[in-house]
Amino acid sequence: MDYQAVLSEVWDAVRPVVGQGRVATYIPALAAVDPRRFGMALATVEGDVYGVGDWREPFSIQSISKVFTLALTLARDGDALWKRVGKEPSGNPFNSLVQLEYEQGIPRNPFINAGALVITDRLQRLTGDARGTLRDFLRAESGNPSVDFDPVIAASEADHGHRNRALAHFMASYGNMEGAVPEVLEHYFWQCSLAMSCADLARACGFLARHGQRADGSRLLTRSQAKQVNAVMLTCGTYDAAGEFAYRVGLPGKSGVGGGIIAVIPNRCGLCVWSPGLDARGNSVAGVEALDRFTTLTGLSIF
Ligand code: GLN
């Protein structure tokens, strides 16, 4: 398949949608990004990378980081982590507090903020440096040693992180935080601030297309664990829009409020699209449209 030609066709088709939606403003530093940006990249499991638009431009990965912290924790901890976090779609916004009380401090899944805080807490206990472990992993998998945190974004999120603080303290009240809340939040804010391009992220999610095998051929996850992470992405990766995303795109995917979305085609490639204008549920408008067009054009979905 001529991936470069397909990406160009997708880019042409989504041009009218690019710029629609609203840039996230609840993290003020994210509001400075131009909503008319658009990039898309595809990295094959063999290591070839194709891209269009702003595909080499780093952006704030935000919640896309949650896929990688889950994988790193699952690799070290196995099924133990599922005692502290569920694997059901939430049907609620990513930063919602209500469900947590009904469910005694056990977040619905690892991709809403509460669930990701539990995972970061665990990864911090397991490694002593959750954010550094994540950064090193992403540098290795993307093949880009300059992948790094954006301190301005991390500080902006910390300054306006009342909701995440509330979630973490609430879970602590149920005994679902091992470490000190401020330490866990610090690592969480920094993990979300990582800046990566579409090319970096398309490569970095390759281990999920290779059933758990890393870029250097070593294994991070068992085949079964890679299946589990992909399945949770499909059902929970785009929050309360996961049903619509599965319906339109038909791939495991994970979005972030920086406007990025990664998606995985097992055995074939990792995809990443970026456009900062978000819909009401926090997913990139042009990003979802581009992935919809891509799978519709190529027939490459998991269904
Ligand atoms: N850092 C963001 C937050 O915690 C991540 C949310 C997202 O990308 N959906 O609110």
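We did not get these values from a lab; they are worked out from the coordinates using the rules stated. As the structure is a computational prediction, the values presented were derived from the model and not from experiment. A quick note on method: Cβ atoms are made from the backbone with ideal geometry, for glycine too, and the neighbour counts reach across all protein chains shown.
Numerical summary
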{"quantity": "Nearest 10 degrees, 0 to 90: helix 223-236 Cα axis against the chain principal axis", "calculated": "90"}
{"quantity": "Protection proxy ranking, peptides 220-228, 204-212, average beta carbon neighbours within 10 Å, highest first", "calculated": "204-212, 220-228"}
{"quantity": "Gain on full stretching of the segment that runs from Arg219 to His169 - 0.36 nm per residue minus C-alpha separation", "calculated": "14.5 nm"}
{"quantity": "Among Ala116, Gly91, Gly128 - extreme Cα towards positive end, dipole of the range 81-148, charges at beta-carbon", "calculated": "Gly128"}
{"quantity": "Those Cys residues of the chain for which no other cysteine Cβ falls under 4.7 Å", "calculated": "Cys192, Cys205, Cys236, Cys269"}
{"quantity": "Dipole in debye (nearest 20) - the range 31-185, about Cα centre, beta carbon charges: Lys, Arg +1; Asp, Glu -1", "calculated": "280"}
{"quantity": "In degrees, nearest ten, helix 181-192 long axis to first principal axis of the chain (Cα)", "calculated": "0"}
{"quantity": "Computed lengthening from Glu183 to Lys227, 0.36 nm per intervening residue step minus Cα-Cα distance", "calculated": "12.8 nm"}
{"quantity": "Gaussian network model of the chain, Cα within-10 Å springs - most flexible of Pro107, Pro145, Pro93", "calculated": "Pro145"}
{"quantity": "Loop sites in the range 63-148: trypsin sites (Lys or Arg not before Pro), DSSP, at most 15 other Cβ within 10 Å", "calculated": "Lys87"}
{"quantity": "Arg281 versus Leu97: modelled label distance in nm, points set 7 Å from Cα along the beta carbon direction", "calculated": "2.4"}
{"quantity": "Nearest-0.05 FRET efficiency for Tyr247 and Arg15, computed from C-beta distance (R0 25 Å)", "calculated": "0.60"}
{"quantity": "Using alpha-carbon coordinates, inclination of helix 65-77 to the longest axis of the chain, degrees", "calculated": "60"}
{"quantity": "Cut-off 18 Å, label 7 Å out along Cα→Cβ of Arg36, residues of the range 254-278 by amide N", "calculated": "274-278"}
